[in-house]
C-alpha cells in the first residue's frame, strides 16, 4: 500500500532513492519553453541523484488541440487540457508550470496559488506591471512556493561571478554593462506573431531579452535606483500570419538602451535588440570593480573571464579565461568530469532542482532563485524604462 502524505505519494523505493515523493506537473504551453521545461523535469531525477522528488508529467494545456495531442505524446504527459482552469482542478497536479505567452502568466498563476498549488512561471513574470503586482500579492497570500524562471541565474559561470562579488574579490563595484542581442526578426517580411503584439507579449525586446539582463543586474550587483532610456520600433508594420497581403501594426519595441544607477553607487548600461545582424543569442555581461573585472559571454557559457588587480603574472597580463567545469564549481558535482562542458538547456535543470528542493524541504526560493518579488521588481524597472523613453526624463525606481 502506498502511503499518502500531503500532496505526494510515497511508494516503493526506487533504486536507492528511499521514500522520495512524486510531484505532479501540469504545464501550460507546449512550444519552445514547454519543451525546455519538460526536458528539465525528465532529466532532473537522474542527474540530481538522489532526487528530492520525482516529477510526474501529469497534464499539458494549450489551445490548439492537434498540436496539444502531439505534444502530450512527444513529451510524455499523461493527459491534456484546453482549459487551464480545468487543469488546476486536477488533484494529480501539484505544480503549475506556466510556460505560456506572457498575457497568460497572471490569471493561471494566481489561480494556482489560490488553490494551494506551486507555480514555476516563465519570465517576464507578467505582461504588465499591474499583473505582476497582483501575482506578487497572490504569492504572499499563499502557502505554496512561487518562482520565476530566470534561468541564467543558474549558469555555473554566473553563479561563480556572484560568489566573486559577494566575497569582495572585485572590491567596490563601479560598472555593470550588459547586452542581449539577436537578429531573428530583421526580415521585414517576417510575419506578426504573439511576441510582436503588446496585448499578448506586454513588450518586445525589453521583456523578451531585457528582463534577463535586468534580473542579472539585480542578482549580481544590487538594486537599480534610476533609469534613463530610449526604445525603437524599426519596422512598424508586418505581414499577417494568415494573409501576407495584409499589413498588421507592430505594437512592441524592437530595441532599447538604458543608463542605470545602482543604489550602491555603481553605474551601468543595458541594451537589448532583435535587430543585430549575425547575433543569434549574444549576451555579454561585464562588471568592473576596484579590485578587478569579470566578463561573461552566453555563447561560451562554460567560461568566465577574470582579471584581478595585482594577481596576474608579471610576464603575462590581462584577463584569464576560467573554464567553469571543475568539480568544486557551482552545480558541477552533479555533472561530468572536469573540462566536460554543459549547455544552455542544463540551466533549466538547475532551476527545476532548486524549485523542487524549496518545495520538498520547505526552503526559501531566494536568494539564488527568482521569487515573485524579484519578478515584480523586474517589471517595475521595465515599466520605468518605457516611461523614461516616453518622457525623455530620468525615472526613479520605486517598488
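What follows draws every value from the coordinates through simple rules; no lab data is involved. Values in this document were obtained by computation on a predicted structure and should not be read as measured data. Positions of Cβ are generated from backbone atoms using ideal geometry, with glycine treated the same way; all protein chains shown enter the neighbour counts.
At a glance:
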quantity	calculated
For the chain, diffusion coefficient by Stokes-Einstein and Kirkwood Rh (Cα), 20 °C, 1.002 mPa s, µm²/s	97
Convex hull of the range 3-152 built on C-alpha atoms - directionally averaged projected area, nm²	9.0
10 Å-binned pair-distance histogram of the range 54-141 (Cα, whole percent)	17, 49, 28, 5
Kirkwood-type radius of the range 303-370, with distances r between different C-alpha atoms, in Å	14.6
Stretch gain in nm, segment residue 363-residue 46, where the contour uses 0.36 nm per residue and the Cα spacing is subtracted	112.0 nm
For the range 214-323, convex hull of alpha carbons as volume per residue, Å³	148
Label zone at residue 263 (point 7 Å along Cα-to-Cβ), backbone N below 12 Å, the range 221-243	222-226
Which of 206, 158, 323 has the fewest Cβ neighbours within 10 Å, and the rest in rising order	323, 158, 206
Pairs of Cα atoms farther than 18 Å apart, the range 129-177, %	56
Projected label distance in nm at residue 190 and residue 86, using a 7 Å step from Cα toward the beta-carbon	3.5
Computed over the chain: relative contact order in percent, which uses C-alpha pairs under 8 Å that are six or more apart	18
Residues residue 290 and residue 394, FRET efficiency given R0 of 35 Å [Cβ-Cβ distance, rounded to 0.05]	0.85
Rotationally averaged projected area of the range 265-399 (alpha carbon convex hull; nm²)	12.4
Distance (nanometres) between label positions extended 7 Å along Cα→Cβ at residue 321 and residue 183	2.2
Using a Förster distance of 51 Å, the FRET efficiency for residue 311-residue 241 (Cβ separation, nearest 0.05)	0.40
Virtual spin-label span in nm between residue 141 and residue 340, 7 Å along Cα→Cβ	4.9
Alpha carbon Rg of the range 65-200, scaled by the compact-globule rule 2.2 N^0.38 Å	1.33
Sorted by Cβ neighbour density within 10 Å, fewest at the top, the residues 308, 356	308, 356
Förster radius 30 Å - calculated FRET efficiency between residue 225 and residue 166 (Cβ-Cβ, nearest 0.05)	0.90
Fewest-first sequence of 142, 327 by Cβ atoms within 10 Å of each Cβ	327, 142
